[in-house]
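Below you'll find the structure, written out as structure tokens, and then a few comments.
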Amino acid sequence: MTAENYVKQIVKKIQCDSKRKQDITKQLLAEIRERTDAGADLNTVLNEMGNVREIAEEFNEEISAEDRRRYRRNRRLKIALPILVVLAALTAAVVWWFPKSNDLAGSSYFDKDTVEQSLMNVISLLEAGSYDALQDLSTDSMSAVMSADSMESVKQSFGIDFGERTSVGTIYSAEIRQMGKHFAVCEVSVTYGAANVTYTVSFDENMKLAGLYMK
């Protein structure tokens, strides 16, 4: 691992604004450079500095609660933007038309049981961090934003580790038609040890993952 990658992983987990992240990046790189210039092996230096998560937590302890809340609020908006841009039209459909949409039970395009099983499969893959598998299940547009970095950032935007899944709520589903295309849209609330997350997931006519939103 390079010094830059090591520091990048640390800074990504620190809940502060971009200016402070830049200062911390310079600080850590300068410390590593000073020790390697003195003859120390890079891997030895990184091992001695410690675990990425532990170092990030030390920095987070020095950041005020208000600054951390502001960071998480801004982060949620920032992370949601790429997905919302790709799925803007579909998101609007979910918000405005979902209550008036046709029930999947009467759909000629989708099988309700298959859709709900696919929904839970997507959630399980997200929980396991199996992002390559999720990309394989996604449309081309959705696959482009389903990278490990993007999805881990979405999880981190909640500010806590989810913990183990403890329960799954009622699944609400509907068929939406937009611009001549049909989508199956599902929403379900999942309770974890440390969080409650509502997933809104959509599939196209080929049962490819076409949309994902977490709140």
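The values are calculated or read from the model by the stated rules, or taken from the named source; none is laboratory data. Keep in mind that this is a model prediction, so the values were computed, not measured. Methodologically, a virtual Cβ is constructed for each residue, glycine included, from the backbone with ideal geometry; neighbour enumeration extends over all protein chains shown.
List, please: which pairs have Cβ atoms under 9 Å, are six or more places apart or on different chains, and start with a residue in the range 105-117 that is closer than 12 Å to E175 by Cα and end with one that is part of a loop (DSSP other than H, G, I, E, B) and aromatic (F, W, Y)?
Once the first residue is closer than 12 Å to E175 by Cα and sits in the range 105-117, no partner that is part of a loop (DSSP other than H, G, I, E, B) and aromatic (F, W, Y) comes close enough.
Residues that are surrounded by fewer than 17 Cβ atoms within 10 Å (Cβ to Cβ) and of a type in the set (V, I, T): list the strands (runs of 3 or more DSSP E) wholly contained in the range 160-215 that include at least 1 such residues.
On the way: elements: 165-168, 172-178, 181-192, 196-203, 209-214.
In the range 160-215, 165-168, 181-192, 196-203 are the strands (runs of 3 or more DSSP E) which contain 1 or more residues that are surrounded by fewer than 17 Cβ atoms within 10 Å (Cβ to Cβ) and of a type in the set (V, I, T).
Quick check on this structure: which one of G169, G180 is closer than 27 Å to L104 by Cα and modelled with pLDDT under 85?
On the way: G169 fails: modelled with pLDDT under 85.
Step by step, each of G169, G180 is checked, and only G180 is closer than 27 Å to L104 by Cα and modelled with pLDDT under 85.
Could you list, ordered by first residue, the pairs with Cβ atoms under 7 Å in which the first is in the range 4-29 and over 20 Å from S64 (Cβ atoms) and the second is of a type outside the set (A, V, I, L, M), at least 6 apart or interchain?
Within 7 Å, the pairs are V7/T25.
Of all residues being without any contact (Cβ under 8 Å) to a residue 24 or more places away in the chain and either surrounded by 13 or more Cβ atoms within 10 Å (Cβ to Cβ) or within 30 Å of the chain's Cα centre (by Cα) (or both) in the range 32-42, which is nearest to C16 (Cα to Cα)? Just the residue, please. Before the answer, list the steps.
At the first step, the residues of the range 32-42 found to be without any contact (Cβ under 8 Å) to a residue 24 or more places away in the chain are 34-35, 37-41.
Restricting the remaining residues to those that are either surrounded by 13 or more Cβ atoms within 10 Å (Cβ to Cβ) or within 30 Å of the chain's Cα centre (by Cα) (or both) gives 35, 40.
Details: R35: 27, A40: 31 Å.
Filtering first and then ranking leaves R35.
Give all pairs with beta carbons closer than 6 Å in which a residue from the range 44-65 that is touching a residue at least 40 places away in the same chain (Cβ under 8 Å) meets a residue that is surrounded by 15 or more Cβ atoms within 10 Å (Cβ to Cβ) and of a type in the set (F, W, Y); count only pairs at least 6 apart in sequence or on separate chains.
Matching pairs, first to second residue: L46/Y6.
Among residues belonging to the range 130-159 that are among the hydrophobic types (A, V, I, L, M, F, W, C), part of a helix (DSSP H, G or I) and buried (at least 17 other Cβ atoms within 10 Å of the Cβ), point out the one that is modelled with the highest pLDDT.
The first filter runs over the range 130-159 and keeps only residues among the hydrophobic types (A, V, I, L, M, F, W, C), leaving 133-134, 137, 142, 144-146, 148, 151, 154, 158.
Checking the rest, the ones that are also part of a helix (DSSP H, G or I) come to 133-134, 137, 142, 148, 151, 154.
Checking the rest, the ones that are also buried (at least 17 other Cβ atoms within 10 Å of the Cβ) come to 134, 137, 142, 151, 154.
Details: L134: 86, L137: 90, M142: 83, M151: 71, V154: 66.
This residue is L137.
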